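See below for the structure under consideration.
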Amino acid sequence: MTSDRSTAAAWTPNTDRACCRVSCRISELVLKCRDPELLARFWCEVLDFIELDREEEGCIEISPREGFGGPQPTIFLIRNDEPKNGHARLHIDVNPTDRDQDAELERLLAAGAKLIDIGQPAEASWHVLADPEGNEFCLLKRRLDPL
């Protein structure tokens, strides 16, 4: 696993298994939210995704342009009127692909993200932001090649 952040302990795969065998991968992320329309627009802008599907119960699936099953997971935005309570136990990290971190930060803020402080160190190489409903995500420094 490559990350902008250092970890206290590295995960070591079970070496008894056959080399390079993969049993599953992340195909979808699910985000409960009050306004799926708003968050679909926001995350489509941030990730250059498109709306893939819409269900009658206030559920919108967004995806990379190639659709479901590609190298990136789709995101299901599911209507839920319960208030967000506390920090999410899982959040999304994003990396810039076609500009440096400062330029990408400006783009994300213009799209509706807000800088937030969750206790990250002042010298952190990443920025902690919130989407329009307050869901935390991080903008990492390392620039990745576009897919």
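The values are calculated or read from the model by the stated rules, or taken from the named source; none is laboratory data. Since we're looking at a predicted model, the values are computed, not measured. Glycine also receives a Cβ, built like all others from the backbone with ideal geometry; neighbour counts cover every protein chain displayed.
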Test: residue in the stretch 123-130 that is of a type outside the set (Val, Ile, Thr), in contact with a Cys (Cβ under 6 Å, 6 or more places away or on another chain) and farther than 17 Å from Glu45 by Cβ: yes
Selected residue [hydrophobic (A, V, I, L, M, F, W, C), surrounded by 11 or more Cβ atoms within 10 Å (Cβ to Cβ) and at pLDDT below 95] from Ala130, Ala124, Ala113, Ala88: Ala88
Set Asp48, Asp81: member being free of Cβ contacts under 8 Å to residues at least 24 places away in the same chain and either surrounded by fewer than 15 Cβ atoms within 10 Å (Cβ to Cβ) or of a type in the set (Asp, Glu) (or both): Asp48
Failed condition for Cys59, given (1) under 22 Å from Leu129 (Cα atoms); (2) in contact with a Pro (Cβ under 9 Å, 6 or more places away or on another chain): (1)
